[in-house]
Amino acid sequence: MNCVRNLALTTVLVAAMAPSAMAQDEPSVKTLASTKFASLPGLPTCLTLSPQRGDPTKGPAVLLIKMTSGCKVPWHWHTFGEGLMIVNGKAKIEMKDAAAAPLAAGDYVYLPGKHPHQFTCTTACTFFNVTEGAFDIHYVDKDGKEIPADQALKPAAKPAATKAAPKTE
C-alpha cells in the first residue's frame, strides 16, 4: 500500500515540477501568479502544492503549499526534517509532547525528521515547506502506530442526530 502511494506521489510530483527541475543551480524567480498548484494522492484534497526549487522526490526541495480554511493534515511524520514559513492566513501546529501553537504570516516552524505532528489552517493559508530530504509522509494513529493514508484521511464520523423529545402540554 505504501509502495503504491509513494509511486503515485512520485509520479505526480515529477510531472508537476518538471519545468522547475531544469537548471536548479541557475538563478530563478517564481511569481505567485505563474505558479501552478496541484493536489497529490496521499494528501488531503484541501491541500495543493507547487515545487518551487529542487526535486522533492529525490532530495531537498522548496514547496509552496495552499490549504483551505479548516484543512488539516492529520498526525504524521516525515523521514527528513522540514521548515515551514507562513506567507498568509492563520494556522495551528500540534507536535508530540508540546502545546499547540497558533501561527500567522511570518511565523516559522522547524520539525525534525520522524517527529509526529499535525497541521491545520484555521483560515485559508499559504506557506513554504523547505524539506531537508526527499518528501514522504507517514500517517500515525493516536498511539503513534503507522496507518495507511486512506485511513488517516477518512472524514471523521459525524455523531448521530438525536430526535427531539415530543412536546407535552
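The values are calculated or read from the model by the stated rules, or taken from the named source; none is laboratory data. None of these values were measured; they are calculated from a predicted model. When we count neighbours, we look across all protein chains shown, and the Cβ atoms used for this are built from the backbone with ideal geometry, even at glycine.
Let's see how each residue does on (1) surrounded by 17 or more Cβ atoms within 10 Å (Cβ to Cβ); (2) in contact (Cβ under 8 Å) with a residue 40 or more places away in the chain; (3) hydrophobic (A, V, I, L, M, F, W, C):
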site: Leu32; (1), (2), (3): no, no, yes
site: Phe37; (1), (2), (3): no, no, yes
site: Leu47; (1), (2), (3): yes, no, yes
site: Leu64; (1), (2), (3): yes, yes, yes
site: Met67; (1), (2), (3): yes, yes, yes
site: His76; (1), (2), (3): yes, yes, no
site: Tyr110; (1), (2), (3): no, no, no
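Restricting attention to segment 35-83, which residues are aliphatic (A, V, I, L, M) and closer than 25 Å to Asp25 by Cβ?
Looking only at segment 35-83, we keep the residues that are aliphatic (A, V, I, L, M), and these are 38, 40, 43, 47, 49, 61-65, 67, 73.
Matches in segment 35-83: Ala38, Leu49, Ala61, Val62, Leu63, Leu64, Ile65.
Quick test of your reading of the structure: Leu63 fulfils all but one of (1) part of a strand (DSSP E or B); (2) over 24 Å from Pro148 (Cβ atoms). Name the failing condition by number.
(2)
Hey, does segment 86-104 have a residue that's at pLDDT below 95 and among the polar types (S, T, N, Q)?
No, the conditions are met nowhere in segment 86-104.
Is there a residue being closer than 24 Å to Val140 by Cα and at pLDDT below 95 anywhere in segment 57-79?
Yes; the residues of segment 57-79 include at least one that is closer than 24 Å to Val140 by Cα and at pLDDT below 95.
Looking only at segment 86-104, filter to residues that are surrounded by 14 or more Cβ atoms within 10 Å (Cβ to Cβ) and touching a Phe, Trp or Tyr at 6+ places or on another chain (Cβ under 9 Å); which one of those is nearest to Asn129 (Cα to Cα)? Don't jump to the end; show me each part of the working.
So in segment 86-104, the residues surrounded by 14 or more Cβ atoms within 10 Å (Cβ to Cβ) come out as 86-87, 89-95, 103.
Filter once more, so that each one left must be touching a Phe, Trp or Tyr at 6+ places or on another chain (Cβ under 9 Å): 86-87, 89, 91-94, 103.
On the way: Ile86: 9, Val87: 11, Gly89: 15, Ala91: 14, Lys92: 15, Ile93: 13, Glu94: 16, Leu103: 14 Å.
Among residues in segment 86-104 that are surrounded by 14 or more Cβ atoms within 10 Å (Cβ to Cβ) and touching a Phe, Trp or Tyr at 6+ places or on another chain (Cβ under 9 Å), the one nearest to Asn129 (Cα to Cα) is Ile86.
Name every residue in segment 142-151 that is out of contact with any helix residue (DSSP H, G or I) (no Cβ under 8 Å at 6 or more places or on another chain) and closer than 15 Å to His78 by Cα, in order of residue number. Steps first, answer last, please.
Step one: of segment 142-151, the residues out of contact with any helix residue (DSSP H, G or I) (no Cβ under 8 Å at 6 or more places or on another chain) are 142-147, 150-151.
Answer for segment 142-151, where residues must be out of contact with any helix residue (DSSP H, G or I) (no Cβ under 8 Å at 6 or more places or on another chain) and closer than 15 Å to His78 by Cα: Gly144, Lys145, Glu146, Ile147.
Here are the criteria: (1) of a type outside the set (S, T, N, Q); (2) part of a loop (DSSP other than H, G, I, E, B); (3) closer than 27 Å to Ala156 by Cβ. Tell me which single one Leu49 does not satisfy.
(2)
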